[in-house]
Each structure stands twice: as structure tokens, then as C-alpha cells.
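Reviewing the structure listed below.
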Amino acid sequence: MKRFTLTIAVLVVAGFGLMAQTTIFTENFSSTNLPSGWQNVDNSGGGTWARKTSSHSFASTTASNGFMIFDADAKGNDSKAENADLITAAINCSGHNHVALQFEQYFQQYAAALGTVFVSTDGISWSQVYTVTNTTDNPEVTLIDITTAAANQPTVYIKFNYTGDYDYWWAIDDIKLFEPAALDISVESITNNQYVGLSNQTVSGVVKNNGAETITSFDMTYTDNGGSAVVQSVSGVNIQSFQTYSFSFNQPIAMSTPMLHTIVVNVSAPNNGSETNLANNSATKDVTALSAIPVKNALIEEFTTAQCQYCPRGTSTMNGILAGHSNIIGVALHAGFGTDAMTTADHSTVAAAFTSGAPTAAVDRVLFAGEEAVGVDDGNWETYGVQETNRVTPVAIIADNTYNSGTRELVVNTSAKFFGPINDDFRINCYIIEDSVTGTGSGYNQINAYNNVSSSEWYQKGNPIVGFQHRHVCRQMLGGAWGSTGVISTPTTDGGVYSKQYTYTLPAGWNDSRVKLVVLVQHYAANKNDRNILNAMELDLNSADSTRYVAAVYNGIKEVSATNVGEVSLYPNPAADILNISYTLSKDATVSFGIYNIIGQNVMNIEPSALNKGDYRTRVNTADLKNGVYFVSVKENNKTVNTLKFVVNK
């Protein structure tokens, strides 16, 4: 689904046939009654639309003074399918050669609900102009070109039709019909990654046609840190009204040293003309060039509770993901659907910011495109987790710990090493995780909706499941929900290492043989949807009688961003005596490998080989390696281009 955000200045400008935006019709439902001439039609006996001033946290611009909603969820499971129309009174579009429809919406999907917008000139024959089936942003500003159906028509009707059966809802507000300016181009975004390696970077992004005329050409420029403008003309394009176009500049930026690059892109002269609205013609993006790119792990924070009947499914999903991905870490926060005996105040704080139900999860606390909230359903956890492991991060994590099993005192030393100067609020944290927590009573017994579902892992396990093993339970966030402040400097420096020591005594009721630690670095912002986790690592609880160790290091960093070595995979993983490295060469290349232990020591090298384009497998003898975690650095021309983690377990 496309997201449209429109910003148009209402101006009157003469020359070159220009026309400012002209408003034809608006409705924000501020009246307590249905607007005059409107119709609210129940087509199935399943209910009608209702005016609300607060419902489901709809965040439209003017929600507090009223909006319309069809709330299928409130109808209950009455076995009555819902089919309801909300129809405007006649709108006069005479004299308007172009007509656009804009409205704010919040559509929440459960099963198979459908929201459809129709246009008619007589209230009898209808043309479909828009359909929504997936959950939208809250709110989402939707913009539709209805010129074909409505231009120069003396009577135009708009119909919002909701169909479903005990689904969620569709809320509508701030409806507007207008004639757009003839020419209006904007920079919607600059799509360069926020963090990149030392290399040439092509400036790219998206422009949008907000005007009535099809755009066939335009000019664009960019500057880097306020330097000389790079100019490029674009022609031969065909950007229809309210559609977008992806651009790339021919001249890249040479990013050869670790530093911040502030990139400003400007567009102008659509169709070699002028425009009335210049406020949206530029965009800015900060890109930091890193001296090296650390290994990236993803963190999945699962929201779950004992009283959540569908949460056993989330447990199965998480266990499957962790079994298949060594660079994804999973923790369980007991909040999101009430609380239980394992809930902490920090669990509730994080859940309140990111989710409204369970089983859901925050994957690196990222708000992914197309999602309503940071907390997402379990069907997307693995996809987003893998996506996050491929994201470039500016920070590596180093940690060790000592634990005295007699006093149960734990000391954790955490460090974050940054590979570039970044002026932002970063925070370090350490979670204490206990696996397979059991207990008695309602705070531990797991409600189970799958007790009678034969295809489920939880079939005939009981409802509730007594003695349920709650996996990966976050017992304590040593830095609180949002991490320890004042540890990481602002700005960071290239090569800067920022350290924090945590001391904690494990309660007697915790099984220390099942305790692990998760150290993470997160970004903090006022906007809760911008509180991403940059990197994370997991380490075992260490006995005070054994040698202290570094549980994850920044070895094997990627030194180049482009490589001919692709599709690298390791198997079997865990390995016993043999590890296979499978890879594909897109061009002839010289390839070598380095094996590193958990403290960053080089324990083995596979000498360089000059290979032709094709598919290859390299066998590594791991028989002499001790059990533990290792890293493979994949090198092309003696420069590391990829790093993968594997485990030796004999």
C-alpha cells in the first residue's frame, strides 16, 4: 500500500498558466449530526457508521472534534456480516478540470475486512477508485486522483463502503476535494542508508508529482556538507498526478574518511516551468561514513503473558527462529496483554510504547514499512529479524562478566565501540535472561487456545498448561527500559569505546544455570518509533572461578561495501569436525578465509585462492577447535567482505 503525504501551499500566482490549489469541498465531522444530505446505509443488517470523538486512539488531525468510524469489533461475534455505506451529499465540481480526493484514515485489519471508495455522478452508478485491505498508519493521509470520474461534474458523490465480519474497524476524517496546482513537484525522501562504509555513495531518492499535469522532465541538484551543487536534468519520464519516481544522481559522493555527510537534494523546473509551491522542493539526509562495518545481530523482544491464550504460538515461532538463525537473539517481555508473575515495570513500559496486544514482538524496535506499530505479529518476526541482521550498524559490542555462585553477585562489563562520528543519543543496556521459567498458579499457568487444535505443538497440553516453560524471560533490565544515560558521548568518535559496569545480585529463586545476558545499544528519541536497537549480543553467565572472556568482538568487520563474493552460508552449524563454507563468485576473484575465536584471536587461516566466476564450497577442518563460538571472515583480495558466526559442538 502506498503512503501519501501532501503539503500544498495555497497561493495565487500569475504567469505560465499556473494555478494554485483550489479547495472544492471539506468535511471534518465537527457537527454532532450526520452532515446534511449524507447517507449512512446498513446493507446487511450488520450495523452502520458512527460519529466518535475518541475511539481506538485514532490520531487524525481533528479527531477530537469528531470523525466517522465503522467499528466491526464492537459488533461482537453475532454471525452477521457487515456491509455499510457512508455517502456524501452531492458536491459541485463544475469548472474544475482536475479533482483530487484526500482523507485521513485508520484501517485495522483482522481477517478479511475491506474498505472501498467509490465515486458517482448520480448516486446510482458507482466507479471504484480505491481499496484498502491492510492495516494502515494511524493516521494515514490518503490521496486519490478522481479526475476521470469527477472533473467538471455538477454532482459528485463519494461513498466509503466497509465490509467484514467481526473484524476491526475503519475510521475516516478530514475529507477534502480540491483541484491541485498545475505543477507541483516535491522531494519525498532521500533513500541513502544512514550508515555506510568508506566508498563512493550514489545519492538517490524519491520525488512526487503533487500537481495536475503529468511531469515529463525536471531538474535536480544535491550538495554535500554545503559544498558546490551537483546539477542533473531528468527528461523522458512520465510521472502521473500523485505518483512517485525514484531518482539517482550520476555523480557519486566520495566518502573516503569517517565523517558525517549532510546531503541536501533540491528539485525544480517541472516540465521546464515554474510552480506555486516551493516549500516541498528539498529534503535533507545525514549519512555517516564509517571506518568499518561491525557484525550485526538482531534482537527480537517478544511480548507475551501467561493469560494470553494465543501466546503459546508465539513461543513456537520464537523457538523456531532462534534454532535457525545464530545472529538473531530472542527475549520475552511479559506484557502487552495484561501482566503475570514474571512482568516487571520495564516490561510494561516497553510494551506500552510499542504494542497493543500479544503475541507480538519488537524487532530491533524498528517501525517497518507498512506496519501500524513497532510491535508486529509473529508471522513477520523472522522476515524482519533477517532483514535487521543485514542492516549496517555503526557500533560493535564488547562484554564480559564474573559471577559468584556463592554470593550470587554478578558483575557485567559492557562496552560499545563506534566507527564514526554521530551526533545522537545512544544508550547501553544489559538484560538478565532466565530460560525455561516455571511456577505454580495463574501467574505461570499458560492459557492455551490450541489445546483442541491437532496441528499445534500445544495440542492436548492442557488449558491452562500447568508447568509451562516460559522461554527467554527477561528478568531484569539493568539499564531500565530505555538504557543507561551519560555513558556514550554526543557526538561519538571514530574508534571511541564507551563502557558501563553493572552490578546485580541474582534473587535466590532464579535458576542461575539457565541465566544468560543480553547487552545492547539503543537509540533514544522523543518519538517512540525512533528508538531503534543498533546492535545486541548474548553471553553466558560466567563463573568467578573461570577465566573472564570477551563474549563478542568486532573482529571480521567489513572493509568494503561492494563484493564479488555472495550467497555465503555455513553448514552444518553447529559443526563437529567439518564446516562447509558455500559461496558464489559473480566475477573472477581471489578469496581467503580467517577463523577467529570468541576473544578475537585468529585460530586458523585458509590461504588465498584465485578462482573463476562460479559456485564454490570450501571445507574447514574444525576437529582441533574447542567447543564454542567462532567467526569466519570472508576475504576478497585480503579485505574482509563478510563475517558469519558458527558454533563448534562435538
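Taking the alpha-carbon distance from residue 296 and a cut-off under 16 Å, which aspartates and glutamates remain once sequence neighbours fewer than 8 residues away in the same chain are dropped?
Within the straight-line cut-off, residue 296 pairs with 364, 382, 388, 538, 559.
Once you list every other residue whose beta carbon is under 14 Å from the beta carbon of residue 382, what net charge do they have if Lys and Arg are +1 and Asp and Glu are -1? Kindly include the intermediate steps, with their values, before the conclusion.
On the way: positive: 313; negative: 302, 364, 377, 378, 388.
Charge balance in the 14 Å sphere: -4.
Unpartnered cysteines of the chain (Cβ-Cβ under 4.7 Å counts as a partner)?
93, 430, 474
Can you give the charge dipole size of the range 565-648 about its Cα centre, rounded to the nearest 20 debye, using +1 on the beta carbon of Lys and Arg and -1 on the beta carbon of Asp and Glu? Mind showing how you got there, number by number?
Details: 8 positive and 7 negative charges, 26 e Å.
The calculation lands at about 120 debye.
Could you order the peptides 398-411, 505-518 from most to least packed, using the average number of other C-beta atoms within 10 Å per residue?
Working: 398-411: 17.1, 505-518: 14.6.
Top to bottom by mean Cβ count within 10 Å: 398-411, 505-518.
If we sort 227-233, 256-262 on the protection proxy, mean other Cβ atoms within 10 Å, highest first, what's the order?
256-262, 227-233
Taking the highest mean first, how do the peptides 570-578, 29-37, 368-376 order by number of other beta carbon atoms within 10 angstrom per residue? If you can, show how the numbers build up before the last one.
Numbers: 570-578: 14.7, 29-37: 12.8, 368-376: 18.2.
Highest to lowest by the protection proxy: 368-376, 570-578, 29-37.
Can you list the chymotrypsin sites (Phe, Trp or Tyr not before Pro) in the range 420-496 that are in a DSSP coil and have 14 or fewer other beta carbons within 10 angstrom? Can you show the working numbers first?
Working: sites: 426, 431, 444, 450, 458, 459, 468, 482; in loops: 444, 450, 458, 459, 468, 482.
Loop-located and lightly packed - 459.
Taking a cut-off of 20 Å between Cα atoms, list the aspartates and glutamates near residue 80, but don't count ones fewer than 8 places away on the same chain.
Within the straight-line cut-off, residue 80 pairs with 42, 71, 165, 167.
Which of 214, 629, 163 sits closest to the plus end of the dipole of the chain, meaning its Cα is farthest towards the positive end, when Lys and Arg get +1 and Asp and Glu get -1 on the C-beta?
629
Let me know the shape class of the chain, please: from the alpha-carbon gyration tensor, a ≥ b ≥ c as square roots of the eigenvalues, rounded when a/c is under 1.5, otherwise prolate if a/b is greater than b/c, or oblate. Let's see the in-between values first.
Working: a/c = 2.28, a/b = 1.38, b/c = 1.66.
Verdict is oblate for the chain.
Pick out, from 139, 649, 502, the residue whose Cα sits farthest towards the positive end of the charge dipole of the chain, with +1 on the Cβ of Lys and Arg and -1 on the Cβ of Asp and Glu.
Of the options given, the answer is 649.
Using a Cα distance threshold of under 24 Å, what count of lysine pairs results for the range 565-648 when pairs must be 8 or more residues apart or interchain?
Values: 587/613; 587/635; 587/639; 613/635; 613/639; 626/635; 626/645; 635/645.
Number of lysine pairs found: 8.
Only four residue types carry charge here, +1 at the Cβ of Lys and Arg and -1 at the Cβ of Asp and Glu. Report the dipole size of the chain about the Cα centre in Debye, rounded to the nearest 20. Can you show the working numbers first?
Values: 36 positive and 56 negative charges, 289 e Å.
Value, rounded to 20: 1380 debye.
For the range 440-457 and the range 271-320, compute the distance between their C-alpha centroids and round to whole Å.
Going from one Cα centre to the other spans 32 Å.
Under 25 Å between alpha carbons, and skipping anything fewer than 8 positions from residue 75 in its own chain: which lysines qualify?
Correct list for residue 75: 52, 159.
Given the C-alpha centroids of the range 590-649 and the range 105-120, what is the distance between them in whole angstrom?
The distance from the Cα centre of the range 590-649 to that of the range 105-120 comes to 52 Å.
Taking the Cα centre of the range 185-289 as origin, work out the dipole magnitude from +1 charges on Lys and Arg Cβ and -1 charges on Asp and Glu Cβ, in debye rounded to 20. Before the final figure, lay out the partial values.
Values: 2 positive and 6 negative charges, 28 e Å.
Dipole of the range 185-289, to the nearest 20 debye: 140 debye.
Here, each number is a calculation from the coordinates, and none is a lab measurement. Nothing here was measured: the structure is a model prediction, and the numbers come from that model. Please note: Cβ atoms are built from the backbone with ideal geometry, for glycine as well, and neighbour counts cover all protein chains shown.
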